[in-house]
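The next block holds one structure in the form of structure tokens; read it before the comments.
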Amino acid sequence: MRLLFVTSEIFPLIKTGGLADVSGALPIALAEYGVDVRILLPAYRGVIAKCGQVKALGRMQPFHDVFCEILETRLPGTEIPLLLIDHPALFDREGGPYHQPQSGDWQDNALRFGLLSKVAAMLAIPNRCQQWLPDMVHCNDWQTGLTPYFLQQIGSHVKSILSIHNLAFQGNFHADWRYQLGLSEQDFHPQGYEFYGQLSFMKAGLQYATKLSTVSPTYAKEIQTAEFGFGFEGLLQSRQSDLIGILNGIDTHTWNPASDPFLESHYAADSLDNKTKVKRALQQELGLPDSPHTPLLGVVSRLTYQKGLDMLPEIADQLLATGAQLAVLGNGEVALEQQFLQLKQRYPQQVAVTIGYHEPLSHRMMAGVDIFVMPSRFEPCGLNQMYGLRYGTIPVVANTGGLADSVTGGRITNTVPSDMTGFVMADKQPQTLLVTLGAAMAAYANNGHWQTLQKQAMADDVSWHHSAKQYLLLYQAALAA
Ligand code: ADP
């Protein structure tokens, strides 16, 4: 099976969130199952320099007055071909893949990701850049949502999958962009790519892809309801038989407490004492008292409404009255950043806050904290709770999306239930978070219980092994459709 995997971010080249982790790991797992996979990505600033040998394949004209070069290299550390779209005016910019350096989306995102979507479709039909042609195109999120539409427009019979990593981001743009992107006027209606008068990349993908997937079974159900569907629930209900939820795995090589290069000490389930050393080093790094028996709670996250972390400052006084420590790494909404910084000022001995995006520190946090806090209002899959499981860092999560599918809660009485791997909130109220964190800290106080829980969490298979197989079945179903 030949597969073109199209993505707007990929670890280790460019990352803003979970999509990059998935893109950097799933194709590798698929290749291990014999899939002939190639990846397509825009050549953002700095990407080419991070790759090894780069070869020019040829030039393309995706739109009337837009030309780009297609380059070929390898995904670093692998043999997987990586195709880059070289268009310096659109992609070689200071700032993020979607945002300007300070804040605000790039004003021409419709063109930038329309180009990504179109090039993917053009690479699926005979072209001057390469002879290799895919049987299937795997699109990811709105940035690639126009690919299934373009495939149809071109008259190609190549099948397409759209994976929804987060339905909250939809790529809705002023309808006039349809002219520059060459979208057919006759498809500008509610059964086409129109969404309340706008051009919607996500809607086009949902409408025209052969099959749809999202990143957890629970989220697949949730997005068919008004609460989580962001206006697409009706369309998703109508495509229910084509929609499947496949829980993400994690890259168990990059995220391995026994070999993580960002840690000074390493540990496994049978050497958990070494985790205490990592905790002490982290406490010292963050300027917290390095007391080994104080429960250390941690957050590594985008600081946005979705993640429910505004609940933490709300319950902080009661939480910190227990003596617990709290370490936060994240960035996002300025008001929330400020709330956490103020908390740190009020509790300098108990709270450490790092505002920013810091890959090495995120590893040390996942390893060094005892309890990982993730009370998301919605969470398509979530990765950090799975990093937590792998690192024996017990997750406390909301009962939603992939959190519900990856963490098994339970009640500890005299013994720890044999399937329990974390703590799951009964509802999304701040007081419930406080109660659930209280239960986690009570378990932490019992060393035997805690180690049992840690071992059970670490024994959970969070690799891509199982999920990659499910994607294979999905591709087969799409080919047969
Ligand atoms: P989302 O994609 O919604 O942001 P996920 O849990 O799926 O959430 O993935 C988030 C990824 O981004 C994880 O790999 C996490 O470790 C990483 N991450 C989030 N915030 C930071 C940060 N401030 N510093 C380093 N890594 C971060």
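The values are calculated or read from the model by the stated rules, or taken from the named source; none is laboratory data. Every value quoted in this text rests on a predicted model; they were computed, and no experiment measured them. Cβ sites come from the backbone with ideal geometry, for glycine too, and all protein chains shown count toward neighbours. Side chains are part of the model used for accessible areas, which takes the heavy atoms of the whole protein and leaves out ligands, DNA and RNA. Shrake-Rupley method; radii C 1.70, N 1.55, O 1.52, S 1.80 Å.
Can you give the helix-only mean residue ellipticity at 222 nm for the chain, where every DSSP H stretch with n ≥ 4 adds -39500 (n - 2.57) and the sum goes over all residues, rounded to the nearest 500 deg cm²/dmol?
-11000 deg cm²/dmol, from helical runs alone.
Probe radius 1.4 Å, ligands and nucleic acids left out: which of TYR357, TYR387, TYR33 has the largest accessible area, and how do the rest follow?
Result, largest first: TYR357, TYR33, TYR387.
On the first, second and third principal axes, largest extent first, how far apart are the outermost C-alpha atoms of the chain in Å?
Projected onto the principal axes, the Cα atoms of the chain cover 64, 46, 43 Å.
Based on the alpha-carbon set only, what is the convex hull volume of region 285-390 divided per residue, in Å³?
97 Å³
How large, in percent, is the carbon and sulfur part of the accessible surface of the chain at a probe radius of 1.4 Å?
50 percent
Between ALA445 and HIS465, 0.36 nm times their residue separation minus their Cα-Cα distance comes to what?
3.7 nm
Filter the trypsin sites (Lys or Arg not before Pro) in region 1-83 to those in DSSP coil with at most 11 other Cβ atoms within 10 Å of their Cβ, and list the result.
When the trypsin sites (Lys or Arg not before Pro) of region 1-83 are filtered for loop state and at most 11 Cβ neighbours within 10 Å, nothing remains.
Can you list residues whose amide H is under 5 Å from PHE230's amide H, if they're 5+ apart or on another chain and H is modeled 1.01 Å from N?
Excluding prolines and chain starts, which carry no amide H, there are no hits.
Which ³J(HN,Hα) values in Hz, rounded to whole numbers, follow from the phi angles of region 301-310 under the Karplus curve 6.51 cos²θ - 1.76 cosθ + 1.60, where θ = phi - 60° and Gly and Pro get x?
Per-residue couplings from phi come out as 5, 5, 9, 9, 3, 3, 7, x, 7, 5 Hz.
If each of ALA480 and GLN342 carries a label point 7 Å out from its Cα toward its Cβ, how far apart are those two points in nm?
It is 5.8 nm.
Out of residues 5 or more away from ALA352 or on other chains, whose amide H comes under 5 Å of its own, with H placed 1.01 Å from N in the peptide plane?
When sequence neighbours closer than 5 places are left aside, the close amide H contacts are LEU326, ALA327, VAL328.
Hey, rough spin-label estimate for ARG59 and ALA268, points 7 angstrom out along Cα→Cβ, what's it come to in nanometres?
Taking the simple label geometry, ARG59 and ALA268 are separated by 5.5 nm.
What ³J(HN,Hα) values, in whole Hz, does the Karplus curve 6.51 cos²θ - 1.76 cosθ + 1.60 give for region 39-55 when θ = phi - 60°, with x put for Gly and Pro?
Per-residue couplings from phi come out as 10, 10, 8, x, 7, 5, 4, x, 5, 4, 5, 7, 9, x, 4, 10, 10 Hz.
Please list, short to long, the whole-number percent of alpha-carbon pairs of region 273-459 in consecutive 5 angstrom bins beginning at zero.
With a bin width of 5 Å, the distribution comes to 1, 8, 19, 23, 24, 16, 7, 2, 0.
Roughly how many Å² is the accessible area per residue of region 260-322, as a whole number, for a 1.4 Å probe?
Normalised by residue count, the accessible surface of region 260-322 is 45 Å².
Full-extension gain between ASN414 and ASP105, please, as 0.36 nm times their residue separation minus the C-alpha to C-alpha distance.
Extra length from ASN414 to ASP105 when fully extended: 106.0 nm.
Relative contact order for the chain: what percent, with Cα pairs under 8 Å and sequence separation of 6 or more?
Worked out over the chain, it gives 12 percent.
Scan around GLY245 for amide H atoms under 5 Å from its own, H built in the peptide plane at 1.01 Å from N, and keep only partners 5 or more places away or cross-chain.
For GLY245, whose amide H was placed from the backbone, the distant partners under 5 Å are THR214.
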